[in-house]
Structure formats: C-alpha cells, structure tokens
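K.L.:
Before I ask anything, let me first share the structure, which is written out below as structure tokens.
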Amino acid sequence: EPRRAALRELADVLRAAIPWLDHAVRAARRSDGLYHAYNLARFTEDGVEVDHLYPMLEGQVAALSSGLLTPEEAADVLDALYESPLYREDQRSFLLYPDRELPGFLERNRVPEEAALAIPLLRGMLGAGDVRIVLRDADGRIRFRADFRSAAPLREALAALRADPRWAEPAAADERAVLDLYESVFHHHAFTGRSGGMYGYEGLGCIYWHMVSKLLLAVGENVERARRDGAPPAVLARLVDRYFDVRSGLSAEKTPGEYGAFPTDPYSHTPGHAGAQQPGMTGQVKEEIIARLAELGATIEGGRLVFDATLLRERELLRAPTRWAYIDVHGRERTLDLAPGELAFTLAQTPIVVRPGRGENRIRVHAGGGVDTVAGSELDAGRSAAIFARTGAVERLDVELAAAPQR
C-alpha cells in the first residue's frame, strides 16, 4: 500500500542504488568496447539466465551520459563506435542498430527437421498425421500451426493433449521441449516491435536523428566534464575531435544532396534507400539547442553562466564588421556593431558578445547604464538568474576569453 516517506528515506534509497547502477554499467561493457543496451532475462527454477540484444546506439549514449566513464573511457567508446557495424559511412553517422536481412515470408516458421523429430511427442504426432501442434507443408517442411499467435495458444493445445489418453504421457514429458523449440523458431523473447521488422521510420538500416543528436549532446557533456576536471590535454583533444566527427554527420553540416532535404530542417530519420524522411519538430531540436549553446562558448553550471572556448570554432567568428539586429527582452528591435573576430548571440533575449583569444578571461556586464567587469569566465548566480528570467536588469554581456577557438 502507498505510504508517506521522508525525503531523507528516498535519498538513502537512491544513494544505496548508485553502486549497483555503476556495477550494471560496468558489467554491460562488451568485448568490442561498446556497451549492451538491453539485457534479456529468462527466469527458471534454478535462477535467472541473462542474454543480450545486438549493440544499439542508445546503449552507447546511455553509457556516455551515465557520468561513470572517465574521459579516456568515453573517448574509447567513441573510437569503438566508429569501428562498429553501427557506423554508416555514406552519412558519416550511426544506425540505431546494425542492419540485417529479414527472412522472406516463406522462410519464417520453419522448424528444423532434426529438432522436431528429436522430441517424441512431435515425432509421434507427425507420424500419426495429427496436426494440432506441427504439420508438414506442401514441400514437406515442418511448421507450427499458423494460428499459434504466441506461446499462449500453444500451451492451450498442449493442455488439450495432456487430456487426450493417446498423447497424455508424451505431452506432459515434452511440454518444455516443445515450448523451447517454438521460442527458438520465433525468438519472441527478443522481439523489439516495428524497429526490427521495418525498413522505414526507426527501422532496419535507418539513422534516427534524435538519437544521433543525443549522442552529440552526450559527447559534449563529456568534453565539459573533462575540461572541468582537468583531463590530460591529449584526452580532451580526442573528445573534442570526436564531438566534431559526430557533428559532421548531422544535417547542418551536409549539402542538400547528402541529406536529401534542406539541411537546416529537422527530420525524423534517414532510411537506407532514401534521403531524410518525416519532417517536423522532432526531438533532435532540443538537444541541438543545448549543444549549440556550448559551441558558441556558453554553458550553464549550477545555475551560473560559464563561458569557455573548448567547442568554439574559428569559423563561427566574423570576418568583417557587421551591424547585428536582435530583439531585446522588452520586444524592441536593437542593433550592435560587431568587429571581425567576434561573435554574438542572445540567451533569453540578452545579447552576448564573445571575443576569444584576448589574453585573459573577463566578463563586462552592462546594467543600469553602467559597466561592471567580472574577472574570470563565470557569471554569478544572481545576474545569471536575472538573464534567465528576462528581467532586463542585465542589458548585455561582453565576454573575453583567453583561449583561442578551435580550428
């Protein structure tokens, strides 16, 4: 029954669960360097048997997002991903799971002759011409009855045989063997729905762009964590390189010919036989907004705006003087004159001008008609909150970063 629990109790439960979750992630590592996405549990009288589905992109995203992997381990996962059957070279991106050939209709429900005849019940019924469980088709192949939609009606048929004096003894003795044979033919235990039986939508051979954008965001999070925790420069560089490898496969980095649509439009998926399909405001959009903010040099940590040039590329910077128009928090159109080597964007309608490679980190805060200079690259929580709330108290930020942008 439901009961009230103190917040402390819930926190204790979560705290106790973390080591077990960490163990589960560690145990999911495959020999090829990827991570299992799903386990298949089979409960028996003797315990639990665990098997795995094929590798999936979401399993790698989950491992990368777990916060458990070291920066070097995260870079290793990404290297393995590019060497895996998930990588689709023509799109420079990743399938949800490895492509495979589906059997034709007549290839389904084929019971191996030796396996069927090894079970006394089925051998006897085939010899007697009793077709309540299996039968031979016009070509002599053994098949289960076509009206068995799942193991449930098969169990009902076996129960009826146990009530039939002729088959009662072998039906009782061989029930488990027949059910195991049925599962080995149809693999219902590993059925994944439409994704494993279609060639469109999120089916076989498809790139699902929302999951690729989740991968991009997960790699970006690992870049941020590696920078914050002082990872070795070589490891940080590996992660940054892989971030832009993933980015290069997304639509905005492609020509219309490669993408099969306008590159700046979000689409659901790209099947193996066509360009991008199913346009609309897919889940890709929200991950791209967060990732794009980091690419412009801004992140949010603990409720504070933090600026960093780790994912900022030189190509983002202006090459010529530009007059930039934007809409402020009051809905008024405003303009700013920008110089070469700068970039500008709005966050919650507050303009932010970034100038990388200027010798030291500092933020000039325009507020109340004056300018306050903040040493470093972090804005305090109070003024950050004012920006997020669109109060207008902060009119503009000029951010100077010591680090040069990525080339």
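K.L.:
Right, GLY140: of a type outside the set (Asp, Glu), loosely packed, with under 13 Cβ neighbours inside 10 Å, assigned to a loop (DSSP other than H, G, I, E, B) and within 17 Å of the chain's Cα centre (by Cα) or not? Talk me through it step by step, then tell me what you get.
P.N.:
On the way: of a type outside the set (Asp, Glu): yes; loosely packed, with under 13 Cβ neighbours inside 10 Å: yes; assigned to a loop (DSSP other than H, G, I, E, B): yes; within 17 Å of the chain's Cα centre (by Cα): no.
Spelling it out, it is not the case that GLY140 is of a type outside the set (Asp, Glu), loosely packed, with under 13 Cβ neighbours inside 10 Å, assigned to a loop (DSSP other than H, G, I, E, B) and within 17 Å of the chain's Cα centre (by Cα).
K.L.:
Select the helices (runs of 4 or more DSSP H) contained entirely in the stretch 203-313, then report the ones holding at least 3 residues which are under 28 Å from ALA385 (Cβ atoms) and either out of contact with any helix residue (DSSP H, G or I) (no Cβ under 8 Å at 6 or more places or on another chain) or of a type outside the set (Lys, Arg) (or both).
P.N.:
The qualifying helices (runs of 4 or more DSSP H) are 209-228, 284-295.
K.L.:
Which members of the stretch 297-313 meet the condition of being within 20 Å of VAL394 (Cβ to Cβ) and surrounded by 17 or more Cβ atoms within 10 Å (Cβ to Cβ)?
P.N.:
Let us first name the residues in the stretch 297-313 that are within 20 Å of VAL394 (Cβ to Cβ), namely 297-308.
If the condition is that a residue be within 20 Å of VAL394 (Cβ to Cβ) and surrounded by 17 or more Cβ atoms within 10 Å (Cβ to Cβ), then GLY297, ALA298, THR299, LEU305, VAL306, PHE307, ASP308 are the ones that fit.
K.L.:
If you take just the helices (runs of 4 or more DSSP H) that sit entirely in the stretch 1-117, which of them hold at least 2 residues that are touching a residue at least 12 places away in the same chain (Cβ under 8 Å) and of a type outside the set (A, V, I, L, M)? Reasoning before the result, please.
P.N.:
On the way: elements: 7-27, 57-65, 71-82, 113-117.
Ranges flagged: 7-27, 57-65, 71-82.
K.L.:
If you don't mind, there's one more thing I want to ask. Would you mind stating whether ASP174 is over 30 Å from VAL246 (Cα atoms), open to solvent by less than 60 Å² (accessible area, probe 1.4 Å) and touching a residue at least 40 places away in the same chain (Cβ under 8 Å)?
P.N.:
yes
K.L.:
Is it true that some residue in the stretch 227-238 is in contact with a Lys or Arg (Cβ under 7 Å, 6 or more places away or on another chain), of a type outside the set (Val, Ile, Thr) and closer than 20 Å to ALA75 by Cα?
P.N.:
Restricting attention to the stretch 227-238, the residues satisfying the condition of being in contact with a Lys or Arg (Cβ under 7 Å, 6 or more places away or on another chain) are 236.
Those left that are additionally of a type outside the set (Val, Ile, Thr): 236.
Subsequent filtering for residues that are closer than 20 Å to ALA75 by Cα retains 236.
Yes: the stretch 227-238 contains one or more residues that are in contact with a Lys or Arg (Cβ under 7 Å, 6 or more places away or on another chain), of a type outside the set (Val, Ile, Thr) and closer than 20 Å to ALA75 by Cα.
K.L.:
Among the residues of the stretch 185-193, are any more than 21 Å from ARG42 (Cα to Cα) and either touching a His at 6+ places or on another chain (Cβ under 9 Å) or in contact (Cβ under 8 Å) with a residue 12 or more places away in the chain (or both)? Quick ask: steps written out before the conclusion?
P.N.:
Going through the stretch 185-193, the residues more than 21 Å from ARG42 (Cα to Cα) turn out to be none.
Among the residues of the stretch 185-193, not one is more than 21 Å from ARG42 (Cα to Cα) and either touching a His at 6+ places or on another chain (Cβ under 9 Å) or in contact (Cβ under 8 Å) with a residue 12 or more places away in the chain (or both), which makes the answer no.
K.L.:
Are any residues in the stretch 340-377 open to solvent by 40 Å² or more (accessible area, probe 1.4 Å), assigned to a loop (DSSP other than H, G, I, E, B) and either hydrophobic (A, V, I, L, M, F, W, C) or in contact (Cβ under 8 Å) with a residue 24 or more places away in the chain (or both), and if so, which ones?
P.N.:
Selection gives GLN349, GLY357, ARG358, GLY359, GLU360, ASN361, GLY368.
K.L.:
Which of the residues belonging to the stretch 258-296 are open to solvent by 20 Å² or more (accessible area, probe 1.4 Å), among the hydrophobic types (A, V, I, L, M, F, W, C) and over 30 Å from ARG228 (Cβ atoms)?
P.N.:
PHE262, ALA274, MET281
K.L.:
So which of ASP99, ASP51 ends up being in contact with a strand residue (DSSP E or B) (Cβ under 7 Å, 6 or more places away or on another chain), at pLDDT below 95 and open to solvent by 10 Å² or more (accessible area, probe 1.4 Å)?
P.N.:
Numbers: ASP99 fails: in contact with a strand residue (DSSP E or B) (Cβ under 7 Å, 6 or more places away or on another chain).
The match here is ASP51.
K.L.:
Does the stretch 186-198 contain at least one residue that is under 14 Å from PHE94 (Cα atoms), open to solvent by 50 Å² or more (accessible area, probe 1.4 Å) and of a type in the set (Lys, Arg)? Walk me through it before giving the result.
P.N.:
Step one: list which residues in the stretch 186-198 are under 14 Å from PHE94 (Cα atoms), which gives none.
No, the conditions are met nowhere in the stretch 186-198.
K.L.:
Working only within the stretch 91-144, note down all residues that are among the acidic types (Asp, Glu) and over 27 Å from TYR54 (Cα atoms). Can you show your working first?
P.N.:
Looking only at the stretch 91-144, we keep the residues that are among the acidic types (Asp, Glu), and these are 99, 101, 107, 113-114, 130, 137, 139.
Matches in the stretch 91-144: GLU113, GLU114, ASP130, ASP137, ASP139.
K.L.:
Any idea how many residues of the stretch 125-155 are of a type in the set (Val, Ile, Thr) and over 13 Å from GLU113 (Cβ atoms)?
P.N.:
Residues flagged as of a type in the set (Val, Ile, Thr) and over 13 Å from GLU113 (Cβ atoms) within the stretch 125-155 amount to 2.
K.L.:
Oh, and also: Quick check: anything in the stretch 129-137 touching a residue at least 60 places away in the same chain (Cβ under 8 Å) and surrounded by 15 or more Cβ atoms within 10 Å (Cβ to Cβ)? Break it down stepwise before answering.
P.N.:
Initially, the stretch 129-137 is screened for residues touching a residue at least 60 places away in the same chain (Cβ under 8 Å), giving none.
No, the stretch 129-137 has no match at all.
K.L.:
Here is a further query. Taking only the stretch 314-335 into account, find how many residues are part of a strand (DSSP E or B) and either open to solvent by 40 Å² or more (accessible area, probe 1.4 Å) or touching a residue at least 60 places away in the same chain (Cβ under 8 Å) (or both).
P.N.:
To start, the set of residues in the stretch 314-335 that are part of a strand (DSSP E or B) comprises 322-327, 333-335.
Keeping just the survivors that are either open to solvent by 40 Å² or more (accessible area, probe 1.4 Å) or touching a residue at least 60 places away in the same chain (Cβ under 8 Å) (or both) gives 322-325, 327, 333-335.
Total satisfying the criteria: 8.
The values are calculated or read from the model by the stated rules, or taken from the named source; none is laboratory data. Keep in mind that what you see is a predicted model, and the values were worked out from it rather than measured. Neighbour counts are summed over all protein chains in view; Cβ atoms, including those assigned to glycine, are modelled from backbone coordinates with ideal geometry. Areas reflect the complete protein model, heavy atoms only, side chains present, ligands, DNA and RNA absent. Shrake-Rupley method; radii C 1.70, N 1.55, O 1.52, S 1.80 Å.
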